[in-house]
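> First, the structure itself, so that you have it in front of you.
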């Protein structure tokens, strides 16, 4: 990847590629395709700017995996499990876009694009996570995060190594 070379960083064993245009996440391990996931990115146009609610683009890394050991469908608020699964939440809460099952926390690696200042993916709390609206996967549906199905995010969290690169492409 050109961005990895430009930043003079080492490639990671696992590479996740998100296509905003295709609403897909591609998992590669050591250059070989492992799996393709149906995903959802932001309802708003892609953006790296704070408070835009757009999905940021560019090279990121997974800096934290949150929720290991929690049950499928567990709801998180403030990155903490609240003790109930989304289907047990009150109807008003179920209408919201909830963060469920696992959270892969992201940090940008490109200064001025997705790292630092008002473009900082980590400070914007942009994650890769499960959703309570799996029926919306495959089309834009989030508030900036990348959403996967609940079983898929659990499987992915169990397969990748911490520090894995995630590249978000506009195409």
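The values are calculated or read from the model by the stated rules, or taken from the named source; none is laboratory data. The shown structure was predicted, so the numbers you read here are calculated from the model rather than taken from an experiment. Using ideal geometry, Cβ is built from the backbone for each residue, glycine included, and neighbour counts are taken over all protein chains shown.
> Quick one: count up the residues across the stretch 8-18 that are surrounded by fewer than 13 Cβ atoms within 10 Å (Cβ to Cβ) and either in contact (Cβ under 8 Å) with a residue 12 or more places away in the chain or touching a strand residue (DSSP E or B) at 6+ places or on another chain (Cβ under 7 Å) (or both). So that I can check it myself, show each step before the final result.
Filtering the stretch 8-18 for residues surrounded by fewer than 13 Cβ atoms within 10 Å (Cβ to Cβ) gives 8, 10-11.
Restricting the remaining residues to those that are either in contact (Cβ under 8 Å) with a residue 12 or more places away in the chain or touching a strand residue (DSSP E or B) at 6+ places or on another chain (Cβ under 7 Å) (or both) gives 11.
Adding up the residues that qualify gives 1.
Residues checked against (1) touching a residue at least 40 places away in the same chain (Cβ under 8 Å); (2) surrounded by 22 or more Cβ atoms within 10 Å (Cβ to Cβ); (3) at positive phi; (4) more than 14 Å from the chain's Cα centre (by Cα):
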site	(1), (2), (3), (4)
52	yes, no, no, yes
58	yes, no, yes, no
84	no, no, no, yes
99	yes, yes, no, no
115	no, no, no, yes
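> State yes or no: is residue 69 closer than 25 Å to residue 164 by Cβ, without any contact (Cβ under 8 Å) to a residue 12 or more places away in the chain, out of contact with any helix residue (DSSP H, G or I) (no Cβ under 6 Å at 6 or more places or on another chain) and not in a strand (DSSP E or B)? Step through it out loud before you land on a result.
Numbers: closer than 25 Å to residue 164 by Cβ: yes; without any contact (Cβ under 8 Å) to a residue 12 or more places away in the chain: yes; out of contact with any helix residue (DSSP H, G or I) (no Cβ under 6 Å at 6 or more places or on another chain): yes; not in a strand (DSSP E or B): yes.
Answer is yes for this residue.
> Within the stretch 31-52, can you find the residues that are under 19 Å from residue 164 (Cα atoms) and at pLDDT 95 or above? Even if it seems obvious, please write down each step before you answer.
Looking only at the stretch 31-52, we keep the residues that are under 19 Å from residue 164 (Cα atoms), and these are 31-37, 39.
Those that are under 19 Å from residue 164 (Cα atoms) and at pLDDT 95 or above: 32, 33, 34, 35, 36, 37, 39.
> Let me ask another. Search the stretch 120-156 for residues being farther than 18 Å from residue 24 by Cβ and in contact (Cβ under 8 Å) with a residue 40 or more places away in the chain, and hand back the single one that is surrounded by the fewest Cβ atoms within 10 Å (Cβ to Cβ). Even if it seems obvious, please write down each step before you answer.
Initially, the stretch 120-156 is screened for residues farther than 18 Å from residue 24 by Cβ, giving 120-125, 132, 143, 154.
Now restrict to residues that are in contact (Cβ under 8 Å) with a residue 40 or more places away in the chain: 120-124, 132, 143, 154.
Working: 120: 18, 121: 29, 122: 18, 123: 14, 124: 23, 132: 23, 143: 16, 154: 22.
This residue is 123.
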